[in-house]
Amino acid sequence: MLASLSSAKPQLTAPRCAVSRSGGSVKSARRLLSSLDAAPNGAATEALVKKFVAGSSKSTSLGALSFLLSISSPFAIPVYSRVSKTNWFRWNPKTTASIVTLLELQNESMEAEILVADSISRLSKSSKDLSIFYSNLIESLSNHGLTQRANEVYTKLQSVPLSGRRSFELAIKSLCLMGKPTEAESKLKEMILLGYHPSRFEFALVAQSYGKLGSFSEIKQVVRLMEESEMEIDTVCANVVLSCYADHEELTLMVSWLQRMTELGIPFSLRTYNSTLNSCRNILQMIDEIEFLPLSLRGLIEKIQNDCAPDQNEALVVKELINSSVLAETVHWSESEVKLDLHGFRAVSAYVILLQWIEEMRSRFGMEGPAFPGEVSVVCGIGKHSVSGKSTVRSLVSKILSRMDAPLRLDRKNMGRFVGRGKAVKDWISHYIFIFLLKSWPTSIG
């Protein structure tokens with residue numbers, strides 16, 4: 001099937017994404033896939049692929065190939081074979097690695113070996129290009145759970161000297177995917193010594209790989225290496241470290257890192273909330289019993305302190321989060337509207353942000369506050385992207401607002417949005433929230 005691929009000219013300056021696909025290409029690919037699914041035998045499949053490639057433009061053909069590879073369809077193999085025979089085809093290491101992986105998944109190991117051998121032959125004069133191909137192959141095999149095969153390729157990669165920024169980047173990524181953070185860190189240090197200046201992405205990959213193994217001292221080592229390289233730690237990198245601690249429910253380390261982020265002036269984000277709060281077991285248990293949920297921040301903190309004593313880490317997590325700027329980035333304030341957007345928040349994070357929002361509303365529009373906006377809304381979504389197809393956030397918000405006697409109702413035009421207008425909302429904000437929170441707040445939060 002793939003014997004003819006050796007005639008294809010190599011493209012050694014491959015882009016990160018092997019082939020692009022437009023909306024039109026995806027539609028063509030879906031139609032092709034439907035036809036191939038209905039093909040009665042291999043000969044019919046070959047005929048359909050041949051007709052498709054012959055009658056399609058270069059961009060459409062490559063877009064179809066990209067689509068089929070993205071869903072790991074075995075039909076990508078005959079499409080690749082046919083595309084490789086065109087006069088415009090250029091060999092690409094990432095695409096070839098994906099095809100090798102598909103062949104392995106289809107138990108076509110002999111064909112896979114032929115394609116690998118052909119690739120090695122064409123790249124034998126350039127250690128840089130060969131290392132890039134091996135790294136792409138390790139990444140593809142690892143992503144599909146072919147660990148043993150990935151280790152075999154890694155053995156080959158070890159014998160190839162790395163040169164050039166791109167070869168180091170791919171090698172580090174592939175090693176992290178294989179669960180080899182020590183080797184990845186070694187390549188990272190080598191990259192620095194050679195003056196290739198790794199990006200934050202490489203540092204984050206290595207830290208994350210250590211995190212999966214629970215190697216927390218090594219994570220700190222990577223952070224130090226990053227600082228020594230004069231690489232500023234941004235929110236994305238900080239969240240990677242935070243998620244490593246959160247995944248193992250290491251709340252003490254998590255609190256310490258949140259405090260470090262604050263000291264360094266690293267902004268918190270939605271992901272900061274989700275990672276940290278989702279590892280706070282006591283708050284998660286409260287979410288399961290909505291009728292007993294505290295309806296103020298101080299009430300929440302007091303309950304955590306009482307229920308979790310002497311361990312105060314969950315309370316400290318909440319305190320660190322509510323002092324961040326995430327609420328300001330989540331709420332739209334204007335003279336005509338106040339909108340809280342909870343898209344992307346997990347239920348436990350939405351709960352804390354909602355309490356923050358209520359407190360801020362009371363502060364801004366209290367009994368002697370500024371003019372009340374015409375509309376107040378909370379946007380939750382309807383769970384379109386959730387696994388269950390239901391919005392746990394919407395359900396949570398609905399029950400909390402009901403317990404607060406909030407005059408916000410589901411919008412008839414948008415079932416993922418609670419909205420309130422007019423005097424009822426103004427009175428609720430001006431009087432009820434103030435009185436309710438005054439009653440529910442203790443004099444001290446400790």
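The values are calculated or read from the model by the stated rules, or taken from the named source; none is laboratory data. Quick caveat: nothing in here was measured; it's all calculated off a predicted structure. Glycine also receives a Cβ, built like all others from the backbone with ideal geometry; neighbour counts cover every protein chain displayed. In case anyone asks, the SASA skips ligands and DNA or RNA and just uses the protein heavy atoms, side chains included. Shrake-Rupley method; radii C 1.70, N 1.55, O 1.52, S 1.80 Å.
Quick look at the values:
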item: His343-Lys212 pseudo-label distance in nm [points 7 Å out on the Cα-to-Cβ vector]; result: 3.1
item: Modelled FRET efficiency - R0 35 Å, Asp311 with Gln148, Cβ distances, 0.05 increments; result: 0.25
item: Mean Kyte hydropathy of 1.0 or more with a Cα span along the axis of at least 15 Å, helices from DSSP in the chain; result: 235-247
item: Antiparallel content of DSSP bridges confined to the chain, in %, to 5; result: 60
item: Lysine-lysine proximity count for segment 41-151, Cα under 30 Å, sequence distance 8 or more or distinct chains; result: 14
item: Under the Karplus curve 6.51 cos²θ - 1.76 cosθ + 1.60, θ = phi - 60°, whole-Hz ³J(HN,Hα) for segment 85-90, x wherever Gly or Pro sits; result: 8, 6, 6, 9, 5, 10
item: Ser59/Arg165 FRET efficiency (R0 30 Å; Cβ-Cβ; nearest 0.05); result: 0.55
item: Gaussian network model of the chain, Cα within-10 Å springs - most flexible of Pro78, Pro161, Pro40; result: Pro40
item: Spin-label model distance (nm) - Ser199 vs Ile290, 7 Å beyond Cα toward Cβ; result: 4.2
item: Segment 231-371: relative contact order as a whole-number percent, Cα under 8 Å and 6+ apart; result: 25
item: Solvent-accessible area per residue, Å², over the chain with all protein chains present [probe radius 1.4 Å]; result: 48
item: Two-site FRET efficiency, Arg31 against Ser186, from Cβ-Cβ distance with R₀ of 56 Å, rounded to 0.05; result: 0.70
item: Computed [θ] at 222 nm, helices only, for the chain once each DSSP H run of length n ≥ 4 contributes -39500 (n - 2.57); result: -19000 deg cm²/dmol
item: Label zone at Ala328 (point 7 Å along Cα-to-Cβ), backbone N below 18 Å, segment 235-258; result: 235
item: Heavy-atom accessible surface of the chain: percent carbon and sulfur, 1.4 Å; result: 51
item: Neighbour cut-off at most 15 other Cβ (10 Å), DSSP loop, GluC sites (Glu not before Pro), segment 291-349; result: Glu335
item: For Arg90, residues with placed amide H under 5 Å, excluding near neighbours; result: none
